[in-house]
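See below for the structure under consideration.
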Amino acid sequence: MKTLEQTVAQHRAEWATRSLAQQQLEIENNEAVAKLYGLEDEVPSHVPLERVSLTNNSAFRWPNKTPEERDALFTQSAIADLISYAVGCMFGRYSLDEPGLILADQGSTFEDYLAKVPNPTFTPDKDNVVPIVDGDWFEDDIVARFRTFLRVSFGEQHFEENLRFVAESLGMKGIREYFIKTGTRAASSKFYDDHVQRYKKRPIYWLFSSPKGSFNALIYMHRYTPSTVSTVLNEYLREFTAKLSSSLQQRERLAAGGGTPRQQAAAQKEADRLRKVLLELEEYEHDVLYPLASRQLAIDLDDGVKANYPKFGAALKKIPGLEASDE
């Protein structure tokens, strides 16, 4: 089986060939029109490759870049597309086994997916909640699910090489950094920023996110039900809080004398950080998520993302420009 890098290189070469073929067709069209009107010597027929408006024509997409820069940007875009598709498979929107959309109706369920794809190569998430946090706190977090997707799609033989290629293509130290980047005043998600841009500020995956982004959970709006917020709260936020509390206790014991002075100092620093995170999550639960879960909010997707997303208020990550006109 080819490596992911080889697959992307082949994909890039195929589009380069298509772009050149389209360029030649446009040149021939111009020549035919010029000849028809007797303007061969007056109207230039040449069409620069940068004006051949194919979506994946690198020269058209990045006209001011060098060929090497275009190749890197094409690769980055292809990997972002792959991850977007992988997340679609995680939620059952797509399947590795069947073409087209699988789950795309309001209230679609895991059982609906199995009715259409009885023996999936890659099984979508059962409860329609995929957590995005800063470490391996959940077995079904988005990084773990993507690693599984990569193994299933491109094989075990080149898995580590493929995983490195994904991160390097995105300009990240590791794949988790693409989904959530911490260390700043508020954690951010390049993946979600890309998703919002991809869907022109009308995302189909919605991100539950605490004020500073210490807790995040992604859902697929077509699979949303009035109990979804309760699932986010009970199965993920509270579970995450419990795990962080346990970790805090361990750090406090170590800081109190369970290691070398350097280890104690590091443990104290981490304990201080965890206390701040736990306070953030406590306030998010008390002020935002619990009241929302209690409402058992129903939505009508026919009203559109613009109308439905704001109903969740501070529970979801704010999208600048969401309120703008669709026209």
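Derivation of every value follows stated rules applied to the coordinates shown; laboratory data play no part. What you see is a predicted model, and the numbers here were worked out from it, not measured in a lab. Cβ atoms come from the backbone with ideal geometry, glycine included; neighbour counts cover every protein chain shown.
What percentage of all Cα-Cα pairs in region 270-327 are separated by more than 15 Å?
Considering region 270-327, 61 percent of its Cα-Cα pairs are separated by more than 15 Å.
Charges only on Cβ, +1 for Lys and Arg, -1 for Asp and Glu: so what's the dipole of region 226-327 about the Cα centre, in debye to the nearest 20?
The dipole magnitude comes to about 800 debye.
Starting from the Cα of Lys173, draw a straight line to each of the lysines and keep only those under 29 Å, dropping any in the same chain fewer than 8 residues away.
Lys2, Lys65, Lys181, Lys190, Lys200, Lys201, Lys212, Lys243, Lys269, Lys276, Lys317, Lys318
Per Stokes-Einstein, at 10 °C and 1.306 mPa s, what whole-number D in µm² s⁻¹ belongs to region 52-198, with the Kirkwood radius over Cα pairs as the hydrodynamic radius?
D, rounded to a whole number, is 94 µm²/s.
Where does region 193-261 land on Rg/Rh, using Cα atoms and the Kirkwood Rh?
Dividing the radius of gyration by the Kirkwood radius yields 1.20.
Which of the helices in the chain, when you take each full DSSP H run, stretch at least 30 Å along the axis at their Cα atoms and have an average Kyte-Doolittle score of -0.5 or higher?
TM-like helix candidates: 67-91.
Would you list Met1, Met172, Met221, Met90 from fewest to most Cβ contacts within 10 Å?
Going from sparsest to densest Cβ surroundings: Met1, Met172, Met221, Met90.
How large is Rg/Rh for region 1-64, to two decimals, with Cα atoms and a Kirkwood Rh?
Checking Rg against Rh, the ratio lands at 1.18.
Rg and Dmax of region 205-315, Cα atoms, in Å?
Cα only, region 205-315: 17.6, 60 Å (Rg, Dmax).
Need the full-extension length gain, Arg18 to Ala266, defined as separation in residues times 0.36 nm minus the C-alpha distance. One decimal, nm.
83.7 nm
Testing the spin-label approximation: label points 7 Å from Cα along Cα→Cβ at His46 and Thr121. State their distance in nm.
A separation of 4.5 nm, rounded to one decimal place.
Determine the gain in length on full extension of the stretch Asp112-Ala34; use 0.36 nm per residue of separation and subtract their C-alpha separation, reporting nm with one decimal.
22.4 nm is the gain from fully extending Asp112 to Ala34.
Work out the FRET efficiency for Ser294 and Glu235 from their Cβ-Cβ distance, taking R0 = 22 Å, and round it to the nearest 0.05.
Between Ser294 and Glu235 the formula returns 0.85.
For region 5-109, what mean projected area does the convex hull of the alpha carbons give, in nm²?
10.1
Can you tell me the Rg and the Dmax, both Å, for the Cα atoms in the chain?
Calculated on Cα positions, Rg and Dmax stand at 24.3, 92 Å.
Mind checking Rg over Rh on region 98-141, alpha carbons, Kirkwood formula for Rh?
Reported Rg/Rh, Kirkwood definition of Rh: 1.04.
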